[in-house]
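Values quoted throughout were computed directly from the atomic coordinates according to the rules given, and no laboratory measurement underlies them. These numbers come from a predicted model, not from an experiment. All Cβ positions, glycine included, derive from the backbone under ideal geometry; neighbour counts span all protein chains shown.
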Amino acid sequence: MYSIAENEKNHTILSLKELIAIIIVFAFMLYILFPKGDIEDLLQSEHENTNLSINYLESMLLYHPDNLELKILLIKNYRYKGELDKATVLNNELLQSTTDHTTLQQLYEQEYLILKERYFQLAKKEQQQKELMPLLHQKLRAYYDYLGDQRDYLFFFAEATQINHQALKYLALNNLMKQRPELVDYEFQKKAYYLASSLNYTEEAYAHLSKLLEYPSIDRQLQEGALSLLINHGEYKRAFKIAKQLFVRSQDQEEVMHLFNITLYALQQIPDDGDIQSKIKALVQLYKESKTLKHDDIYLLLHTLLQTGNTTASSLLAQELFETQWEDFDEEVCQLAIQSLQYSNDLETALQIAYFAYGRYMGRKWLDATIRLSMWTSKVNDAITLSKYGYTFYGDQRYEQSILDTATFHSEYALLGQIYQNKVADGNLSAIAYVAEYFDYTGEIDQGENYFTQLLRYAPCPEAHKQAIIFSYNNANLDKALSLYISYQKKYGDDTQLLQLMRNSAIAKKRYPQAYTYAKAFNAMQAQLSLDKYLTDLAWLQKDYRFMHQQLWNYEKENLIDPSYYYRLVQLEEALSPKPRTTYLYRKAWDSTHNPSYLMALLYGYMDNKNYTAFESVIEDIPESMQHELEKSNHYLILMANFYSQQTKLSKALKYFDKALLTSPKDTSLHQAYLWFLIDRQLSQRLNHELTLLRQAPVLRQQVGFPSVVAAMSLQKSDLALRWLLPLLHEEKERFEYQLLYADLLELQDRHEGAKKARHALFARMEQMIATSPELLNDKHFARAYLNMVVRYVYPYAKKALYFEAFQSLFSDQEFNELKLGWYTYTQSDAKVAYFAHKHNINLPWLNLYLAMSRDNTPLKQKLLDESTPVLAFRDRVIASRDVGNPKEALNLAFQGLEDNNQDTDLFKIYRELLHEEHTQQSLQSHVKQLTPTVHRWKTEASLRWHLYKGIQSEVSLKEQRYLIDNRPDVTEQSLALTLQNKQEPLRWSWSIEKHFGEHAILSTQAETQYQLDRLSLGLEGIYRQRTELTPQLQLDTFEEKLKLSTQFALTHRDQIGIAYEHVGYYRNNQTYLGESQQLQLTQSHIFKAGYPDLQWSNYLNLNRYDFIPKSALAFKDFNEWGTQLSWGASSQYQFNRSWRPYGTMALSVNDQHNLGTSLSLGLTGMLNRQDQFNLMLDYSKGIGLIDDASYGVHLEYRF
């Protein structure tokens, strides 16, 4: 027997097995006692004994564990009892374990119902309910979908309604209406319509609405929905009809407005309605007639018309109502009216309403509208006035901006200036530029400068600094602008806009280095390469040639280069590139511009490179029209002539030159090119003709310049060459070609010191040029001149050879051999010259004559004179002619040579020697002079002179002097004189003795000697019993004895000073001693010009002392005299001159016996034929020395 005491650990009376056994027995008894059908009904329904049903079902499942019906019943009872977890677990087990369709239907139903019970259990937990609702909707919809055709739509409609599943609710209702059409009525359709509408099932809602509209009447709410739906489906006609009916019937104000809007909108949307505007007007009129319009109605109508886009009708309505009912225009109506009128561009009426609204309602809104409409109607002054009022009254920035937008400095400069200055003061830096504009307009430049100065002092910033610079620049205060930019640059760096302005400022102030710096900085700041002409021009000006060279090449590579810069690029390319691409550049320039100047440069390039094929190709490609124009250009004709000259087609070349000279006889460049051509080709006849033309046109010859000098030299006209060279040398002293030729001409004139000095200076300058520009050594013309100097001034011989070897590559073999021949002939290496000429097979006429003369080869001399006369030098031809025994021909040649080489002293010496050797020299002189108003002198002389021995000349002369004295008999005296003279340095002397015949026969003599050192010369002169010329009265009966010592010192080749002392004793014809005088003379002279017309200025100071015996009745006072004299061409009166040459002297003197003394002489000298000289001179003097009276004289001389 069981006892608690026996088992204290047991907590129950019955064990588990015992309890289960009791339940089973109990359940079995129930099953036996109760009918089975009643039990099932009991189990399936919800009642108070749900626990008993659960126990029963659980017991039955012990015996029938696979019975699905029992399990489903158990799930339901669990649900009834509220044991939802057990129901859920069992339901899920069955869902996973069964596939039976009918069973699954029941299980899905229970799943939904269990979840619904759980939802309603959470009635007080809204958040959890909210989270569970989507799952509940999902389970109901899943159950609905699984049933298919077996659905109970009424059940689902009810369930969907209960859980607010609108989509399923509509679906169930719609299918129910289809399944049971007999149940469908107005309410069903309305319900379905609302559901479809709420779900945005537009098509379904429209279908339901269509059926609803078949009913005689529908309620108001439905009507509005119907209108909306009809409009959404484009059923505008039906919508318009319904809306209009509702609008007409309605009495409610709000409803009327609402329906009016819908009606109008629907009307406007009806397609293809051509009478739409009239219908709208009718509708509006209908509205107006339906009631008395107030401001709300006006607002509605205007708003409606605007909303529907009927701006024209809206504008007309606004205009009409404003004219009749302006008192009903409140602010909103005014705004709509203005808007309507703006849309229709009736701005004048809109402005009237705006003024009305502003006057009635005030406020900024209406002020703004009035300002805006005033601007739109071009009433700018009104807009400005209103803006000023708004700005003053409200202080609003909007009116300030309005003023800024509408006003100009012309109308409101003071107000604008104040506004902009206030803006700047408030930190608005963008207004600084307008402040500058204000000062520019008012012309208050100083005030503007002061404003910016103060601004930079108290509020420095980049923008203020920048505008200060721009202001100074715009007002031409460029110095200040440049100064301000320097400080700006230090603080803020460079600015592209300012860099351009400062570049222009620096250019204007001619500060080109500064301008160039700014231009380069501006160029560096550009993101993309672009042509900057300022930069290139300034680079050229500042001689930054390498930078400009690179910059122009950059432009050229990007095809940005201006064609006008090709020429500069060519110049830079030639100067800076080791292998210049000038031909390429000219080709590009010609192809891109077809400018004839580039064509000419291209052709010259091909000529220089001897690319004659390319030259001809370009010529052939020139268009015929351009070819015709080019042939009008002398440059083109010259180029073609040179081209054919290079091709040795001289006839064609001359044809082009003749054509050019015919059309342009005064063209300088043409004559230059023609001269060079003739010189190179040694066309002597044409060259002589050209020089003749140039002599006849001195202006043209001066313009032609150096080629004419070379041409004259090539024809051995050295006088002409020198006369034409000197002006060129004066103008362009740095041209080494001129200096070299000048030195050679000085050498020809036997002015060795001058030639030596000129060559030394030229050699020193060439050395300096090489030091600064070594590339000159690659220039052939420079190298030729430099080697000419090397031959003279570089020692020893081996070093000269090194120079020649260094320059050999610049010359052709023929040119180089001729240079070396010049070297050898200069050193008079006759044997070397002969060997070199034979070795290199050089056959030149001048060289052959040089060798013939050096070897005294008379037959060869004669042969060369016969064959090569025109190309041989005059001097060589003269000497050779004399050597071969033809002195007459030598004299004729010498005279011909002197005609064009008057300054060739060597040739003149030869001519003079020949003249002296072959001819005696005679002269006739006559001199008439008024000594005083009562005394005249007539002096005549005839002389014969001949060469006596080795430079000693002798002369015999016969003289006569006649004095014509008023109221007295004439005094006549004859004399015969013999003179010996030696003019060879260093000791030159002369001695003469003269016998006088007349009333007093006397014998006089004179001796003079001079010794010449380097720069110093010493002289001694003695006279015995010679007529004095102290005064005119003394000349008649007084002679003198004189001793004179003198010395002269040459300071330079042009300046010299001298001092002389003389002592003179005076005697009457009867040997009576009268007295004596002493004189100390200081002299100075300067030669301004040596060649004719020579120009010399000299000064003297004489200290005269007299000591006469009292009984002589002569009382000359001691006096000192200073004088100055200017002479020109004076040396020509003592030389043989082939042309007529004037000369003269002019002198002034002052002494302590007279106020002023003057002297003037003018003369003319020249040849009458080849071997004579005629000289005419007029002279005048007064107040010089002791002679107070004026004297006049005429002097004639003829030498032959």
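If R0 is taken as 51 Å, the Cβ-Cβ distance between Arg360 and Lys557 corresponds to a FRET efficiency of 0.10. Coupling constants for region 509-522 follow from the phi torsions by the Karplus curve (6.51 cos²θ - 1.76 cosθ + 1.60, θ = phi - 60°), and in residue order they are 8, 6, 9, 5, x, 5, 4, 5, 4, 5, 5, 5, 5, 5 Hz; glycine and proline get x. Using equal-weight Cα scatterers in the Debye expression, the normalised intensity of region 922-1199 in log10 at q = 0.09, 0.14, 0.17 Å⁻¹ is -0.48, -1.37, -2.21.
Packing, as the average of other Cβ atoms within 10 Å across residues, places the peptides 195-207, 144-156, 339-351 in the order 339-351, 195-207, 144-156, highest first.
Entry note, region 922-1199: relative contact order of 12 percent, from Cα contacts under 8 Å with a spacing of 6+ residues.
Among the listed pairs Lys756/Lys800; Lys557/Lys780; Lys509/Lys588; Lys533/Lys632; Lys178/Lys244, those whose Cα-Cα separation exceeds 25 Å are Lys557/Lys780; Lys509/Lys588; Lys533/Lys632; Lys178/Lys244. On full extension, the segment bounded by Ile445 and Glu631 gains 61.0 nm, given 0.36 nm per residue less the C-alpha separation.
The label point for Ser926 and the one for Asn345, both projected 7 Å from the Cα toward the Cβ, are 11.4 nm apart. Relative to one another, the C-alpha centroids of region 147-219 and region 590-631 are positioned 99 Å apart. Put the Cα centre of region 762-778 next to the Cα centre of region 62-136 and the gap is 120 Å.
Size estimate for region 716-809 follows the Kirkwood approach: the inverse of mean 1/r over distinct Cα pairs works out to 14.1 Å. Placing R0 at 45 angstrom, the Cβ-Cβ distance between Tyr119 and Lys211 gives a FRET efficiency of 0.80 after rounding to 0.05.
Take every pair of alpha-carbon atoms less than 8 Å apart whose residues are at least six positions apart; their mean separation over the length of region 552-643 yields a relative contact order of 18 percent. The Cα atoms of region 631-787 cover 47, 35, 25 Å along the three principal axes, with the biggest extent listed first.
Applying 1/(1 + (r/R0)^6) with r as the Cβ-Cβ distance of Glu815 and Lys666 and R0 = 51 angstrom yields a FRET efficiency of 0.90. Modelled this way, with points 7 Å down the Cα-to-C-beta line, the labels at Leu802 and Tyr1011 are 4.7 nm from one another. Structural size metrics of region 631-703, computed from C-alpha coordinates, are Rg and Dmax of 11.6, 34 Å. Between Ala142 and Thr324, the simple label model (points 7 Å from Cα in the Cβ direction) yields a spacing of 7.1 nm. Let me test this: with uniform point scatterers at the alpha carbons of region 494-580, what is the Debye-based log₁₀ I(q)/I(0) at q = 0.19, 0.23 1/Å? Cα-only, vacuum Debye calculation for region 494-580: -0.84, -1.13. Using the Karplus relation 6.51 cos²θ - 1.76 cosθ + 1.60 with θ = phi - 60°, the per-residue 3J(HN,Hα) values for region 535-550 come to 4, 5, 5, 5, 4, 5, 5, 8, 6, 8, 5, 5, 4, 5, 4, 5 Hz, with x marking Gly and Pro. Computed extension gain for Thr1072 through Thr1047, at 0.36 nm per residue and net of the alpha carbon distance, reaches 5.7 nm.
Between Leu700 and Val956, the contour length at 0.36 nm per residue exceeds the alpha carbon distance by 87.1 nm.
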